[in-house]
Every structure is written in structure tokens, then in C-alpha cells.
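**Q** Here it is, the structure, as C-alpha cells.
The values are calculated or read from the model by the stated rules, or taken from the named source; none is laboratory data. Quantities reported herein were computed from a predicted structural model and do not represent experimental measurements. Backbone-built Cβ (ideal geometry, glycine too); neighbour counts: all protein chains shown. Side chains included, ligands, DNA and RNA excluded: accessible areas come from the protein's heavy atoms. Shrake-Rupley method; radii C 1.70, N 1.55, O 1.52, S 1.80 Å.
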Amino acid sequence: MSGLKNYLGLIGALIAMCVLFSVLSENFLTMGTFTTLSNDIPTLVVMAVGMTFVLIIGGIDLSVGSVMALAASVLSMAMVRWGWPLFGAALLGVLVASLCGMVTGLISVGWRIPSFIVSLGVLEMARGLAYQVTNSRTEYIGSAVDGISSPILFGMSPAFLSAIIIVIVGHLVLTKTVLGRHWIGIGTNEEAVRLAGINPRPSKVLVFALMGLLAGVGALFQVSRLEAADPNGGVGLELQVIAAVVIGGTSLMGGRGSVISTFIGVLIISVLEAGLAQVGVSEPMKRIVTGLVIVAAVVLDTYRRRGERSTH
Amino acid sequence: MSGLKNYLGLIGALIAMCVLFSVLSENFLTMGTFTTLSNDIPTLVVMAVGMTFVLIIGGIDLSVGSVMALAASVLSMAMVRWGWPLFGAALLGVLVASLCGMVTGLISVGWRIPSFIVSLGVLEMARGLAYQVTNSRTEYIGSAVDGISSPILFGMSPAFLSAIIIVIVGHLVLTKTVLGRHWIGIGTNEEAVRLAGINPRPSKVLVFALMGLLAGVGALFQVSRLEAADPNGGVGLELQVIAAVVIGGTSLMGGRGSVISTFIGVLIISVLEAGLAQVGVSEPMKRIVTGLVIVAAVVLDTYRRRGERSTH
Amino acid sequence: QTAAKPKVALVMKSLANEFFLTMENGAKEHQKAHAAQYDLIANGIKDETDTSNQIKIVEQMIVSKVNGLVIAPADSKALVPVIKKAIDAGIIVVNIDNKLDDAALKEKGITVPFVGPDNRLGAKLVGDYLAKQIKSGDKVAIIEGVSTTFNAQQRTLGFQDAMKTAGANVVAVQSGQWEMDPGNKVAAAILNAHPDVKALLAGNDNMALGAVAAVKAAGKTGKVLVVGYDNINAIKPMLKDGRVLATADQYASQQAVFGIETVLKAITDKKAQSSLGGTVETKVALVTKDSK
Amino acid sequence: MSNEFNAAHQSDARTAAPAVPLLLSLTGIGKTYVEPVLSDVSISISPGQILALTGENGAGKSTLSKIVCGLVEATTGSMLLDGQPYSPASRKEAEHLGIRMVMQELNLIPTLSIAENLFLNQLPHRFGWIDKPKLAEATRIQMAAVGLTDLDPWTPVGELGVGHQQMVEIARNLIGHCRLLVLDEPTAMLTSREVELLFTQIARLQSEGVAIIYISHRLEELKRVADRIAVLRDGQLVCDDPISGYSTDALVQLMVGRAAEAELDLGHRTIGAPMLRVRDLGRGKAVAPTSFDLRAGEILGIAGLIGSGRTELLRLIFGADRADQGEVFIGDQGEPARISSPKDAVAAGIAMITEDRKSQGLLLSQSIGLNTTLAKLTDVSKYGVLDVEAEAAVADDYIKRLRIRSRDGTQAAGELSGGNQQKVVIARWLYRDCPIMLFDEPTRGIDIGAKFDIYKLLAELSRQGKGLLIVSSDLRELMLICDRIAVMSAGKLVDTFERGNWSQETILASAFSGYMNGNGAGNSGAPANPSTAQAA
Ligand SMILES: Nc1ncnc2c1ncn2[C@@H]1O[C@H](COP(=O)(O)OP(=O)(O)OP(=O)(O)O)[C@@H](O)[C@H]1O
Ligand SMILES: Nc1ncnc2c1ncn2[C@@H]1O[C@H](COP(=O)(O)OP(=O)(O)OP(=O)(O)O)[C@@H](O)[C@H]1O
Ligand SMILES: O[C@@H]1[C@H](O)[C@H](O)CO[C@H]1O
Ligand SMILES: [Mg+2]
Ligand SMILES: [Mg+2]
């Protein structure tokens, strides 16, 4: 499981991309790009950590983009209309998001319905609620929230540093704790876990609630960066998050995944996006290249994995 | 498998919805609504048939919305710019779409990569190509294509009739042929099928190619209805298609599904959409209700299934 | 850096919308004609509402050390903080198409000149033209763009202004998401729910195209009037045969060019951002069968 | 949690509870799915007692065990534990009360290590943080108890052969507070060495006062371990007596209602020319280059210890895994057969019955009919269109011939008892009818009566001139039906014995030989060290 060599393939791909872009755009390899990226990625990172857990237990959560928008909307309402302080408003937003995750979890676990379809329903509902709460208007908050995403250390913001901490904690939880083992077990063979005398349901619901919570945290980072809450935000974000996680090598079939690799997956997606924008590639080409990179990254990972153990 | 009683739950839900909407909107239960629906659904129906097969073999295809847009774009280019006749242009569009499906299938089957991620890549690529082909413009074609969606029989268009035929053929293929048998087997336990001396790969690739083909047919119906090709069309359609199929009771885990039920699933989604719009519900409420219905439909289906065999 | 040849970034919304494509082409032609004066980097986003991605692009432009930024914001408020960053980095910023929110600009203590049309006025022009073809008391319906965007809201207001004056009865306002197929679906539903509706006012031409198809499917061609907004290519044959009564042209290609020229002027005149300001209203014109 | 864990593997330190007359008693237990599968079963067991439970496939043994262990709810009847009403709502609850079970089918998590699988529900931890050294230590102790000292505790279970997995499964249930242990066919996949180790553990548990219900179709085992025998027939208890009073014949008579067959008449067969010639076939460490011939009309057995590479050899021949080297020749062809997938193999006339019916054999959620015809759909279809009636007829035919206890051909395979599932797998390949048939543990979990039916079937196949290759962990079985027995050890085919030239001792000696001079080193799946091995 551990050991740097697991990440070599992905890191190689990342470096190759950086080299390519620095050739194509003179300003690519600068502190500016780094700062921008570090400012950009926290939302995607924390949500991808949550999604890693969700995929590991063999679930999926399509609602994360909408839930993020809902949390952001609630947060902004609390601050702007009711005059709450940031801390309280942030807490409320995170709470609402966790609740959404919990609902997905409870319904899909309780009735044994695939989380794919439940979270699709929650996607619609959370989006509707976000519109309802904000009255379909972007809510501007202003500099009261910008501290979280302002650089404090070598161009890194509290949001970025928190995201890194969440990655590390997530990695440790997955690899070193009882909970992590249960998740992997559930994702591989849920029935066997149940027969081992463990009730898999609470662990599963927890994962979805955690996903919601992290979507809420992502919303906080997002709001702080935009200084506004956009009820339209995060449309289609779920697929981006899942793409990052899968590029990082986590299996959609459950039972296998790594938070560190997910982080690298997010970097690949984000560097690609940043690089393509700096080079100024046309929109059609951007889409085509993005698609190619997604497929290529996963194909390469397959080869690495095969080479590793040629037992099959 | 067969027997009307399998569909009773779904049909009940559908009727309940119709009754509700006819109470809320006086003009709901009219020929006009029927004609509109029969004009509306062929695209969704044929794509949902393809998706039923894809889900049954345990795959998923997220690219269908983009592929549809690409096929529509190619078709319109062929007619408008190169002056091709409808037949040739339609064939070309369907061919391109089938190719896209085949690519998804070949890559995911060949390298054993989940189709989720491959089709996500193809989603991006097909969309980029659609922009490229149309130069990002909506292309107006005009009445040269409208025959396919003009009523010819009791308010039903050739598109609608073809869709019905495709449903029936799809149902027969799934339940009565060796091919359908292989698909069900593959979705239930692919390794066991392989060890039974059947090569599962060609059947799997075929399913994805078929999905592409049906997305191409869907594009043809769409273009004919709108008399124009929109390279932005079908964004997010994949989730709608999957929702319809899953509401119809097809399992996302593979191995279980029915084309007839899928058809009813499409009706539920479409009646809901039409009804909500006719009642004039606000956008936020539309989203919330849609979400609720998706979840409720699946939960109800679970109960029906449990009741049917209370052995678990 | 060669101060002689400034770099200007044009950041737009969905490049998959013909409107912005026209805008981009106008800008590119202008750059070609003035190649000695500046370089252009044009970027767009995935769809009309991909706000956070647009912010990322602005950030990339700051990193790329552009000298000027011309932006059609996907969101009037959420883009303000990053625009302040750009201004702080010494970039001259000009706002086009969709106006930034005044309150937000004020909170950030910045001024950004707006070069663009008045959407409410444009919609009113179209609505007024339609009003001549209907009677007081007639039922009409509005198909709105993405409800969260400022210009969608403005256009709905403009349509409503015109309908009020005409004494028409707006029986429904529903969103067609700026797109053809969703526009078609809500139009079809409205036609069923209100069989006596006389006109459909669409917030842009894509949705108008969808509405035309719905009218045809309902067998009401000629009985229900349709208007749009943007004057895209695909709408032209419909104007000709009357299936679409009118649309508005907001001269997309010129909007960008005006924006770029404003930026370049400020750079050559060495003006500070704070000294720029105000609104340069660009043309918006009614387009009908008779316009050339 | 960690305290409980300590207690868990120091069970030897616990003293047996003072003798209580009855530990568990069942009264009038019945279970109905669609039809009744158990009716009015009343039976009881005291601490330290070993109760053998047997009966035909589908008689209801597993169902009864599952009721006792909280996995299935009884439709009627009641249970008393220590005289108190007992109705466990879940396996967890049952285990909490000390009622444990080794299930008939494997239930392990392939991605997790041996250690994690063993202790999944009681991982030693500090504030949720897994204590790895402690876990490794506990695992070693536990594995040693079942003789698997050579396995690395951190090996993912998915990399073990099925036999080793079965040992892990058993080891897991020997952990912790236990008052009643149910063993459902624990030895169906084990060779005699592991069986001995298991018996040692059973004896230890018995001395500690643990009650044991032992389910097996190997009647000779029952007589060795059990005090009492209970026989289920069609869901009813037909006997519950001290075992000493019963001969094997009497038991069979009780189970199946007809006399036991002591001798198997293989009939008159002519062994012909080689049908399958395997030359230097090998793959990595699992199978060293192997050569042998299988002749027409011959039944060739392959014996060996767990993990000796028997399954892997069959998979190589069948094209399920790719060989690193070597060839396979069919019939008298001079050119090697090109087999790179099971499809090629079947086309070349080779069939293979897999050892793990659950993951590699059956489509559990599908009908018996579908499972039976899967490998030969061409016979029940025309132009690709299925003939549903023909398929039903095929299913009915095999249900009768193999006595598959089921409602009808439309019942889902997953609803059948273990032994009946195994029969469905066999039915598929009998229907496919290939000249060369590879059987991997064909009678796994099949009752004694049905076993003889299958032996007769095999004999008939060989009389038709087919070549049969049979891997089995039941040496008696091989000695009963084979013409020749080849022995694999540590991935090598070490010896071949002709009928009449073998004895249990010579075969076993040969099976161990590969592990004697460190040959097995480096193979993580190799059996335990030679010293334990010889003790067996
Ligand atoms: N979920 C189920 N639904 C319907 N019938 C079932 C189900 N589970 C078991 N049965 C039926 O119950 C009967 C008893 O099965 P059980 O597994 O207890 O038999 P068994 O004695 O353990 O047989 P074996 O020796 O083959 O393991 C069988 O006929 C089986 O088909
Ligand atoms: N997927 C795998 N990865 C690593 N090693 C494996 C894998 N599958 C099998 N092995 C190893 O290959 C060797 C041969 O196993 P095989 O299953 O062929 O033995 P067997 O004699 O049939 O025994 P069993 O009774 O366990 O089935 C064993 O050491 C086993 O641990
Ligand atoms: O002004 C533009 C166009 O009208 C377009 O159709 C949608 O986005 C708006 O910003
Ligand atoms: Mg059993
Ligand atoms: Mg084996």
C-alpha cells in the first residue's frame, strides 16, 4: 500500500505535463502559477478526499456539486441576511451539507438502493433548495470571508493548508485505522463484513455524511475565494471530482483506493486546466485534450499496475 | 421476468402522476399533451434502451449526451454545408455515434478500465468535436428533416413509432436471444461466463457500439424535432437517461433489467417534466420535486420487489 | 517586458454559444488589423454558469502578466474579488456584456468601466414590436435564460415592461436555460397548459428556436408569435418566413472591440484604473424581417 | 476493545464452565421459504459435546445452522440457551453469546490481509489506530493453531488458494469467546494434513467445554470426532443418537433411504490413445514445467496438498490463465493447440469444472436453467433466438439425473443448498459434453449418495471414451475412481501411480516431497514447514 513507488506513475505524468506547459507558456513555471493553483484547488481537494472514501465503500455521490452550492447559499444567507458571524455561518453551511450527505447515506443504506440514484435525487433537491434559499441570485458577501483564502505562508492560504491537512488525515484514517479497514472491507465484500459480525451500515452512512461535510468545507473555501455564493456553482463538479479520484487510481468497484493518489489526481486535473488556459487553447481543443488526458492517465495507470504484479 | 405484474408498480406510479397533474392543470389530460409527449420522448426512449443494455452488462456510458450532440452536428454539417440528402447525412451521424460508442467499448474492454471513466473522457472529446464541427454555432436545417417527427398516425410520428419498435425489438433481444443471455450473464458474473467458454469481450464492445448507434438515432429524432442541431445539446442528458433506466428497475450492478420497464421509466420522467412545466411550478420547486420523485420511485420499486419474494 | 506591445486578455462566457464566438472573432479580427499594437489571449468557459472556472482563468491571466483584461463575467458578483486582484496587479480591466454589481464593486473600492448594451432596453424594443401584433388582454409567456444571470433577469423585465404597456397578460415565466432543447420542452408545456397563448418571448435565440419547434409540433404555426434575442445565424431563415417575429442584435463583435480599445487607450495614456469609470453603452437594435 | 482482544486469544487460560446439563436446545424449529425446508426439528446439545449433523444435499443442515447462529430467522419453534429464551437477531448477537459458525461458503475479503480478515471485528487499536505489531503477533498465534506458520500475516487473502482461504476462515472462528461452534463442511476443500490439524483444534475446544456441531459428508470423519449423530432428511430429524451405534451403511440408509454402495463398479473401459498431451506447461512459481498424457477412457487423478498448484495447472490447460511456457496437444495432432482463452479450450473440446462455484462457476441470481445451458446455448436456440421450452426441458432432465433438490428449473441457483449448487455446475459441463473434461474438486460439498451417482456418471463418461482429469482433496475418492493418480507438490508434478501400485502413505509421502529440501521456499502459498507436515 505505502511506499513512494505507488505514486511514481502519476507523479511522472504530472511532471511531464508541467514540462510541456512550461515550454508552451513562458510564465507557467512561476510562483504565480503555484499561488494560483494553491488558491484554486482546496475545494476540489477536500471533496475528492470525501469521494475517495465513497468510492472505496463501493458507493458514489453525484450530489456533491449541488450540495456545495447549497452550503454556500446557506452560509451567505446567514451572514448577509441574518448578520451571523463567519464562524457560525460556516458551521451552519457545513451542517446542512453533512445533513444532505447523511440523507443520501441513510436512504441508500437503509433501503439498499444504489447511491448513484439516491444521490442523483439529492443532486436535484439540493440544487432546488440552493435556488430557493438565495432566490436564484448570487449573494455577494465581501471581504468578511476572504481571510480563509488569502496567502499567509509562502503564498499558501489557510484553505490550502487545511486541505493538505485533510489529505494527510484522510490518508492515515484509510490506512491506519479500524474505520479505514472496515471501509475497504465493505467495498470489497460487504456481505463478508456483515458475516464477520460487523454492522456495515453505520460505517457506510458515516462515509456519506463525511462526504457531505467535506462538500460543506469545500463550499466554505469556495465562498471565501469568490466572496460570494453562487447558487449555480458546482454544476457538473461531481464528474470532475470523480475523474480526479479515478485518475488517482481509486477503483469505482470499491475496495481499493488511496487519498494521496487522489491528491495527485486533483493536481493533474488542475494543472491541465491551468496550463490549457495559460496557453490559450481554443475551447473545442480544451475539451478534446481534457478527454484524452483522462483516458490516457487511467490507461497508463493500468499498465503500471499490471507490471507490478503480473499474476493475472 | 415476463408478465404484466412486473410492471404494475411502475404503471401505478405513472397513473398516479397523471391523475395528480390532471387535477392541477385542466389541460393536462388532452390530446395536445399526448402529442407533445409522443413528440418529445423518442430521443430519450431510444437512448434509454441502449443504456439498459449497458447497465445490464455492468457498464455505464456517460458520454451519450455529448455523442448525441456530435451526431446531430455531423448530420447538420453534411446536410447544410455539403448538401447531402437526409438519408446519407443521417447515416453518417449514426455512424459517427456508433464509432464513439465503439471507442468507449474497445478502450474499456480492451484495457479493463471501468467504462465510467472512459466514457467520461469520451464525453469531453465528443463535446469538443461537436464544437469543432459546427464551429460552435447552432445550425438551422429546416423542414428537410421534419418529416421524421411529424404526426402520421393518431398524432404519432415516425420517430415515435420507430422508438416503440426499438423498445419491442430491444425487449425481445434481451429476453429471447442468445446475445441477451450473454449480456445478462456477463453482468451477473463475467468471470463465470468467461470460464464457461464464452468470450465476453465482443458482446461487451457490441453493447457500447449499440449504445452509440442509438444515441445517433436519438440525435436524428432530436434534429428532426428541432429542425436544427445544437452543439450544446444534451448536456447532462446522460444522468437523465440513467435515471429513467434505473427508475424502471434496471440494476446499476448489472445482470438485471428490462427494456419495457425502462420505457415506463422514461414515461415517468417525461410526464413529470411536462406536468411540472404545465402547472407552471417555479424552477426551484421543479428541481426539488424531480429529486423527490426519482428517489421515491426507486424506494417504491424496492418495496414491490421485496413484497414479491419475501425470502430475504 | 516590452512595454511597447501590451498583452490583452479577453475572458468570455461559453464559447459554445455563438454569441461569444462572434465576440471572439470580432476581437481576433481587430487584433489582426492592429497586430503591431497588442497581443490577444482569448478564453472562454464550459457553459454560461461555470463561474469558478472563469475565476480560475482570470487568475491564470494575472499569472501570465497580461496588461489588460476585457471580461464578460459569468456572474456579476462572484467575479468582483478576482477582478480586484487583477487591478491590484496593475492590470487595466474593462467589463463587457454582463454588468458587474455596483454594490460589490463599491465594497471592494474599485471602479470598472462597463462597455455593453442595456439588456432591459433591448428586450423592451423586441417586446414593443411584438405588442403591435397582439391585442390587449392576450395571453403571452416568457421563456427566460438561466435565472441567476443578470442579463436574463433584465431581459425578462424588459419583456414584462413592454407587455404591461400593451396590456397583455403574462401567464408564465419559465426557464429554458439559454438552450434549445430545454426551451423547446417548456414552450411545449406552456402551449398545452395555455392553449390560447398568443406569443412566446424567449430570452435568447436558441430558446426561440426551441419554441418555434414546439409551436410547429402543436400545429399552431402562424397562430403563436415567437420573439428572441441575439440575432444568431440560425434565426435568420425564421425571421424571413415569419416563424420568428423579431430579435435583438447587441453587436457582439463590437462589444469586445470597444472593450479592447478602451483598455488600449488607458494603457497608452498611462491612465490608472481608478480614473476610468462609467458606462459606455453599446448599441442594441431591433431586428425584424424588414431589417437589413 | 483491546482488553476483549487480549481475552480473545488467550482462550486456553479460560476454565471450562461448571457442567450445565444443556447448553442449547431447539424445540419444533421450522423454516419455510417458498416451501418448507425444515420442519419440527427438536434437538439439544450440552457443553463439551460434539454433535455430528449430516443428511442429503438440501436436507436443511446449513439452514438449521444459520438459524442457530442468527443468520436466518426460523418460521416456527423456539430455542433456549442456558435455559433462557434465545432468538438472535443477527450473527453479531449470536457471537456475543458465544455461538459461532464456520460457514459452508467462503466469506473473506480478498483485498485485506490474513491478519485483517482474522480479526476484522476486533482489530486491536488505540483510539481507532490499529496496533500493527499486536495484530501481527495475534495472527501468528492463530495461524499456528491451524498449522499455517509459513504464511505472511500481511498477505492479501485474495492471493491464497481456496484451501488456504478455507483455513483462514476456520482460524477466524476459533478466535474469541466460544461456547458453541458450528462447522459447516469445514473439510470439503481440505487435504488430510489440514483435516488432522482441525481435529486437534476440535479436541482442544472440546476439552475446554465448547459444544460443537460438525457438519460433513465425509462419514468417516464424523465417526472419528463426534459423540452423537443427528441426521436430517427432507428437513426432518430422522435420528439423534450416540454415534457408536451406527455403521456407515446404516447412516447412508438413514440419509438417503437406500443402501450404501461400498464398491464402485467402473464398468468395462478400454483405455485408448492419448487425448491430451501436456508438455512443459508452467507458470511462474505456481506451476513448474509439467508434462503428462491423458488417454481416452481414462480417469486421471491429481492429488496434492493445498496450494500445490493443482488448480493452477488446470487453469493453464484451460487457458483461464496464460502459461509462461509449454504446450498442449489435442488427440494425435502434431501441432500444439492454440489455447489462449477458455473459449479456445472449449472449442478444442476441453471442459473445466471450477473449484469455486460461487465466484467462478455460477450466476447465482440466475435460474438453474440458465446456468445449465450457458456453455451450450447453440443447442437451445435457432438463429440466435432461444427456445425457452427446450431450455426448460434440459434443466428438468439434469434436475432429475443429478437429483438437484429444487422447486423447478426457474429457481435461482443462489437459493439452492451448497451441494445442489455444485450439481448445477456439473450439469452445465455434462450438458456441454466435451471429450476432455477437467474437474476441480467436483464433489465438493456433495452428499454421499449423490457422490456415488456422480462417480457412476464419471465412469460412464470414461466408458464413452472421454478423458477425465480430476483434482480432489479427498484422497479416498481419487483412489476409488482413478486409473492413475499423479501427485503435485510445491508446483511440480512429482510422481504418477498406476492403480494397484498406490497406497495412501506413498501418495502422501510424494505430496510432501516437494517441501522437504526448501523447494517450496519463496512460494508464499506453500504448506507449512516440513516438521508439522510430517506430523500429519
Ligand atoms: N434463500 C432461499 N430461498 C429459497 N430456498 C432456499 C433458500 N436457501 C435455502 N433454500 C432451500 O432450503 C433447502 C435446504 O438448504 P440447506 O442449505 O440448508 O441444505 P444443506 O442440508 O445444507 O445442503 P448441502 O449439503 O448441499 O449443503 C434447500 O432445498 C434450498 O434450496
Ligand atoms: N491470485 C494469486 N496471487 C498470488 N498467488 C496465487 C494466486 N492464486 C494462487 N496463488 C498461489 O499459487 C499456488 C497454487 O495454488 P492453487 O490454487 O493452484 O493450488 P491448489 O493445489 O489447487 O490448492 P487449493 O486447495 O488451495 O486450491 C498457491 O501457492 C497459491 O497461494
Ligand atoms: O448576452 C448573452 C447572450 O444573449 C447569450 O445568449 C447568453 O448569455 C448572455 O450573456
Ligand atoms: Mg449446506
Ligand atoms: Mg485448488
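**Q** Test of understanding: among C:Val112, C:Val170, C:Val126, which residue is more than 16 Å from ligand 4 (Cβ to nearest atom), among the aliphatic types (A, V, I, L, M), open to solvent by 10 Å² or more (accessible area, probe 1.4 Å) and in contact with a Leu (Cβ under 7 Å, 6 or more places away or on another chain)? Even if it seems obvious, please write down each step before you answer.
**A** Numbers: C:Val170 fails: in contact with a Leu (Cβ under 7 Å, 6 or more places away or on another chain); C:Val126 fails: open to solvent by 10 Å² or more (accessible area, probe 1.4 Å).
Testing whether each residue is more than 16 Å from ligand 4 (Cβ to nearest atom), among the aliphatic types (A, V, I, L, M), open to solvent by 10 Å² or more (accessible area, probe 1.4 Å) and in contact with a Leu (Cβ under 7 Å, 6 or more places away or on another chain) leaves just C:Val112.
**Q** Looking only at region C:230-246, which residues are modelled with pLDDT of 95 or more and either under 13 Å from the mean Cα position of the chain (by Cα) or surrounded by fewer than 24 Cβ atoms within 10 Å (Cβ to Cβ) (or both)?
**A** Result: C:Leu245, single match.
**Q** Moving on. Let me spell it out: the conditions are (1) open to solvent by 20 Å² or more (accessible area, probe 1.4 Å); (2) within 16 Å of ligand 2 (Cβ to nearest atom); (3) touching a strand residue (DSSP E or B) at 6+ places or on another chain (Cβ under 7 Å), and D:Pro186 meets all of them except one. Which number is the exception?
**A** Status for D:Pro186: all satisfied but (1).
**Q** Since A:His171 meets every condition but one in (1) touching a residue at least 24 places away in the same chain (Cβ under 8 Å); (2) within 14 Å of chain B (Cβ to nearest Cβ), which condition does it not meet?
**A** (2)
**Q** While we're here: Go over the candidates D:Leu461, D:Leu468, D:Leu438 one by one and state the one that is within 16 Å of ligand 5 (Cβ to nearest atom) and more than 14 Å from the chain's Cα centre (by Cα).
**A** Unique residue meeting the criteria: D:Leu438.
**Q** While we're here: So the check is Cβ under 8 Å with 6+ separation or different chains; which pairs have a first residue in region B:148-164 that's closer than 17 Å to B:Val217 by Cβ and a second one that's buried (at least 17 other Cβ atoms within 10 Å of the Cβ) and of a type in the set (D, E, K, R)?
**A** Going by the 8 Å Cβ cut-off, the qualifying pairs are B:Ser149/B:Arg225; B:Ala159/B:Arg225.
**Q** While we're here: Give the residues of region D:456-473 that are closer than 26 Å to D:Leu183 by Cα and among the hydroxyl-bearing types (Ser, Thr, Tyr), sorted by residue number.
**A** D:Ser472, D:Ser473 - these are the residues of region D:456-473 that are closer than 26 Å to D:Leu183 by Cα and among the hydroxyl-bearing types (Ser, Thr, Tyr).
**Q** Could you say whether any residue in region D:402-410 is within 13 Å of chain B (Cβ to nearest Cβ) and touching a helix residue (DSSP H, G or I) at 6+ places or on another chain (Cβ under 9 Å)?
**A** yes
**Q** So, in region A:237-261, how many residues would count as being in a loop (DSSP other than H, G, I, E, B) and under 18 Å from B:Ser108 (Cα atoms)?
**A** 7
**Q** Still on this structure, I have one more. Output the number of the condition that D:Leu197 fails; it satisfies all remaining conditions of (1) assigned by TED's automatic domain parsing to the domain that holds D:Ala136; (2) within 16 Å of ligand 2 (Cβ to nearest atom).
**A** Here D:Leu197 clears every test but (1).
**Q** A follow-up question, please. Restricting the search to region D:36-57, which residues are near ligand 1 (Cβ under 8 Å from one of its atoms) and either touching a Pro at 6+ places or on another chain (Cβ under 6 Å) or open to solvent by 20 Å² or more (accessible area, probe 1.4 Å) (or both)?
**A** D:Val37, D:Glu56
**Q** Restricting region D:30-80 to residues that are charged (D, E, K, R) and within 14 Å of chain B (Cβ to nearest Cβ), which is nearest to ligand 5 (Cβ to nearest atom)?
**A** Top of the filtered list is D:Lys66.
**Q** Moving on. Is it the case that some residue within region D:117-125 is of a type in the set (S, T, N, Q), touching a helix residue (DSSP H, G or I) at 6+ places or on another chain (Cβ under 6 Å), modelled with pLDDT under 90 and not assigned by TED's automatic domain parsing to the domain that holds D:Ala230? Show your work before the answer.
**A** So in region D:117-125, the residues of a type in the set (S, T, N, Q) come out as D:117, D:121-122.
Narrowing further to those that are touching a helix residue (DSSP H, G or I) at 6+ places or on another chain (Cβ under 6 Å): D:117, D:122.
Still in the running and modelled with pLDDT under 90: D:122.
When the remaining residues are screened for being not assigned by TED's automatic domain parsing to the domain that holds D:Ala230, the result is D:122.
For region D:117-125, residues of a type in the set (S, T, N, Q), touching a helix residue (DSSP H, G or I) at 6+ places or on another chain (Cβ under 6 Å), modelled with pLDDT under 90 and not assigned by TED's automatic domain parsing to the domain that holds D:Ala230: present.
**Q** For region B:219-248, give me each residue that is open to solvent by 10 Å² or more (accessible area, probe 1.4 Å), touching a Ser or Thr at 6+ places or on another chain (Cβ under 8 Å) and more than 8 Å from every other protein chain (Cβ to nearest Cβ).
**A** Matches in region B:219-248: B:Phe221, B:Glu238.
**Q** In region B:21-59, how many are assigned to a helix (DSSP H, G or I), open to solvent by 40 Å² or more (accessible area, probe 1.4 Å) and under 27 Å from B:Arg225 (Cβ atoms)?
**A** 3
**Q** Of all residues in region C:135-172, how many are within 24 Å of C:Lys185 (Cβ to Cβ) and not in a helix (DSSP H, G or I)?
**A** The total comes to 17.
**Q** Another question, if that's okay. Identify, by number, the condition in (1) open to solvent by 10 Å² or more (accessible area, probe 1.4 Å); (2) more than 10 Å from chain A (Cβ to nearest Cβ); (3) assigned to a loop (DSSP other than H, G, I, E, B) that C:Lys77 doesn't meet.
**A** The number of the failed condition is (2).
**Q** So the check is Cβ under 7 Å with 6+ separation or different chains; which pairs have a first residue in region D:137-160 that's over 21 Å from D:Leu190 (Cβ atoms) and at pLDDT below 90 and a second one that's of a type in the set (A, V, I, L, M) and open to solvent by 50 Å² or more (accessible area, probe 1.4 Å)?
**A** Hits for this filter: zero, empty list.
**Q** Which of (1) touching a helix residue (DSSP H, G or I) at 6+ places or on another chain (Cβ under 7 Å); (2) open to solvent by 30 Å² or more (accessible area, probe 1.4 Å); (3) more than 22 Å from C:Asn206 (Cα to Cα) does B:Glu283 not meet, given it meets every other one?
**A** (3)
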